[in-house]
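Values quoted throughout were computed directly from the atomic coordinates according to the rules given, and no laboratory measurement underlies them. None of these values were measured; they are calculated from a predicted model. Cβ placement follows ideal geometry from the backbone for every residue including glycine, while neighbour counts extend to all protein chains displayed.
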Amino acid sequence: MYLTKSSNIHRIGFVSTRFKGTDGVSLETAKWRQVLEKMGYECFFFSGLSDWDADKSMVVEEAFFAHPVIQSIQDRCFGTTVREKTLTGEIQKARFRLKRALYAFVERFAIDLLITENALTIPMHIPLGLALTELIVETGIPAIAHHHDFAWERQRFTVNCVGDFLSMSFPPRLHTINHVVINSEARQQLSFRCGISSTVIPNVFDFETEPPRLDEYARTMRKDLGVGDDEALFLQPTRVIARKGIEHAIELAGRMEDRKVKLLISHQERDEGSEYYNRTMDYANLLGVDVIVRPDIIGAERGTTESGEKKYSLWDCYLNADFVTYPSTYEGFGNAFLEAVWFKKPILVNRYSIFQQDIEPLNFEVVMMENYVTPETIKTVQSVLNNPAAPEVIAAYNFALGRRFFSFKLLEQRLYQVMMNFGQL
């Protein structure tokens, strides 16, 4: 049963650079939306890129971090400590345009509460962060800043010429904002670095619902991807960026001597350029590993391509996978980990710091590695795959833990606590 909503807050406006596809922020926002709507709130969305409900969304192209104007600004903000005079003017002009659009969004949908999704956290869109901060200051509108990745967690933001803007908006110190982080380390760092208290709400999944089974639609996926009946399909359910450690998944696949393995990478987004992608593909060629990247037939949802072929979803990837690889060197939490647990799949996890602090103590049964693949890693994966009963037993155990610690029920309870901080319940 869902908790009673606030009597003074009815309409919630989510703000991010994009609500589209299967990136972690979009996926987690969709979960918050689902729970908040069941609590009785109406939800609306402001972004630069969106495939969500058109009648509840306001799309402003310049709010997307990869918009040409914004990309030009961002490229000159980092890697140097001296800011061009013209750059300051460009930032302020973009800020003004976006603030005007945000005001229109709040007025059009009569927004009572803003929830910013990483827009006041990681400085991938400095003008949007500044615009949001000023809107909140000027209106006094209550806000929840949902933080997924902070600037200090990414090396590429270390050298910059926008320290004044980062101090102002990433994140801002305003009494009308309640801050939410996704792990305990972020809560500690936010307090230490900024003097800001926060609530931890981990990423969650709908563990009250059983996962779908392999149906007739998904059953043809392996054939369409060129995976033989005698081959194992490993799934890397992430974008192709360096911190995902995909080279470890390739090495694992290449060293499975007792069977032929193909590695499927589900996400085609390359938000940090193509250099790592090219390096990854070269490495796979060196090891003789077949890596499958098929954005033409794999997307957020099922459908049909322009040429009439079947299009499969991320969920279909999990349904067809024999094993999930998650060798990330850093994660804010770990959406793909929860997805693998929900789909009851065996998984390899690199012991990234947040996993060690917030997940490992809960005693999930996974294959763990410590920064590199060892013979023991290979042996453990082979033993799991060669024992048909093992994955089922492990899956049931992990699913029960997921339901206990990372369910929608937990999200509902934590959101209720955050809403209480506004003194409106």
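As a proxy for reagent exposure, ranking Tyr372, Tyr352, Tyr276 by other Cβ atoms within 10 Å from fewest up yields Tyr372, Tyr276, Tyr352.
By how many nm would the segment from Ala66 to Met368 lengthen if fully extended, with 0.36 nm per residue of separation less the alpha-carbon distance? It would help to have the intermediate numbers written out before the result.
Numbers: separation 302, 0.36 × 302 = 108.72 nm, distance 3.52 nm.
Separation in residues times 0.36 nm, less the Cα-Cα distance, equals 105.2 nm.
Over the stretch 1-150, what per residue volume does the convex hull of the Cα atoms give, in whole Å³?
Values: hull volume 17.0 nm³, N = 150.
Output value, Cα hull per residue: 114 Å³.
What is the ratio of the Cα radius of gyration of the stretch 273-367 to 2.2 N^0.38 Å, where N is its residue count, to two decimals?
Values: Rg = 15.8 Å, N = 95, 2.2 N^0.38 = 12.4 Å.
Compactness ratio reported: 1.27.
Report summary: the helix-based calculation at 222 nm, which adds -39500 (n - 2.57) for every DSSP H run with n ≥ 4 and divides by the residues of the chain, gives -12000 deg cm²/dmol.
Each of Phe333, Ser50, Leu174 was placed along the dipole of the chain (beta-carbon charges, centred on the mean Cα), and the one lying farthest toward the positive end is Leu174.
DSSP assigns beta bridges within the chain; of those with both partners inside it, close to 5 percent run antiparallel. Taken along the Cα-to-beta-carbon direction at a fixed 7 Å, the label points for Glu392 and Arg108 span 5.3 nm. The Rg/Rh ratio for the chain is 0.97, where Rg is the radius of gyration of the alpha carbons and Rh is the Kirkwood radius. Computed from backbone phi with θ = phi - 60° and the Karplus coefficients 6.51, -1.76 and 1.60, the 3J(HN,Hα) list for the stretch 170-179 is 10, x, x, 9, 10, 6, 8, 9, 9, 9 Hz; x is used for glycine and proline.
If neighbour count is taken as other Cβ atoms inside 10 Å, put Trp342, Trp315 in order from fewest to most. Spell out each step's value before the answer.
Details: Trp342 22, Trp315 18.
Exposure proxy ranking, most exposed first: Trp315, Trp342.
Converting phi to 3J(HN,Hα) with the Karplus coefficients 6.51, -1.76 and 1.60 and the offset θ = phi - 60°, the stretch 214-222 yields 5, 9, 5, 4, 6, 5, 8, 5, 4 Hz in sequence order, with x at every glycine or proline.
Charging the Cβ of each Asp and Glu at -1 and of each Lys and Arg at +1, and nothing else, the dipole of the chain about its Cα centre rounds to 920 debye. Exposure proxy ranking for His146, His175, based on other Cβ atoms within 10 angstrom of each Cβ and starting from the fewest, stands as His175, His146. Model label points for Lys379 and Gln92, set 7 angstrom from Cα along the Cα-to-Cβ axis, are 6.6 nm apart.
Which one of Ile177, Ile115, Ile196 has the biggest mean-square fluctuation once the chain is modelled by GNM with Cα springs under 10 Å? Largest GNM mean-square fluctuation: Ile196. Build a GNM of the chain with springs between Cα atoms under 10 Å: which of Pro171, Pro211, Pro361 gets the top mean-square fluctuation? Comparing Pro171, Pro211, Pro361 in the GNM, the peak value goes to Pro361. The tail of the calculated P(r) for the stretch 155-277 beyond 16 Å holds 78 percent of all Cα-Cα pairs.
What FRET efficiency comes out for Asp53 versus Thr220 if R0 is 35 angstrom and r is the Cβ-Cβ distance? Round to the nearest 0.05.
Once the sixth-power term is evaluated, E becomes 0.70.
Apply 1/(1 + (r/R0)^6) to the Cβ-Cβ distance of Thr305 and His175, taking R0 = 41 Å, and write down the FRET efficiency to the nearest 0.05. Spell out each step's value before the answer.
Values: r = 51 Å, r/R0 = 1.23.
Calculated value: 0.20.
Each Cα pair under 8 Å and six or more residues apart adds its separation to the average, and for the stretch 11-201 the resulting relative contact order is 21 percent. Relative contact order, whole percent, for the stretch 161-231 stands at 22, derived from Cα pairs under 8 Å and 6 or more residues apart.
With the cut-off at 1.5 for a/c, could you classify the stretch 357-397 from its C-alpha gyration tensor as rounded, prolate or oblate? Cα axes put the stretch 357-397 in the oblate bin. Measuring nothing but alpha carbons in the stretch 235-324 and taking Rh as the Kirkwood radius, the Rg to Rh ratio lands at 0.98. Put simply, the convex hull of the Cα atoms in the stretch 287-327 casts, on average, a shadow of 4.0 nm². Here the stretch 360-383 is scanned for amide nitrogen atoms under 20 Å from the site 7 Å beyond the Cα of Gln413 along Cα-to-Cβ, giving 360-364.
Compactness of the stretch 218-405, taken as the C-alpha radius of gyration over 2.2 N^0.38 Å, stands at 0.99.
Each Cα pair under 8 Å and six or more residues apart adds its sequence gap; the mean of these over the residue count of the chain is a relative contact order of 15 percent. Positive-end ranking of Met420, Leu27, Pro295 along the dipole of the chain, with charges on Cβ about the Cα centre, is headed by Met420. For the pair Met39 and Phe192, a Förster radius of 25 Å applied to the C-beta separation gives a FRET efficiency near 0.15, rounded to the nearest 0.05. Extension gain for Asp258 to Glu360 (0.36 nm times residue separation, less C-alpha to C-alpha distance): 33.8 nm.
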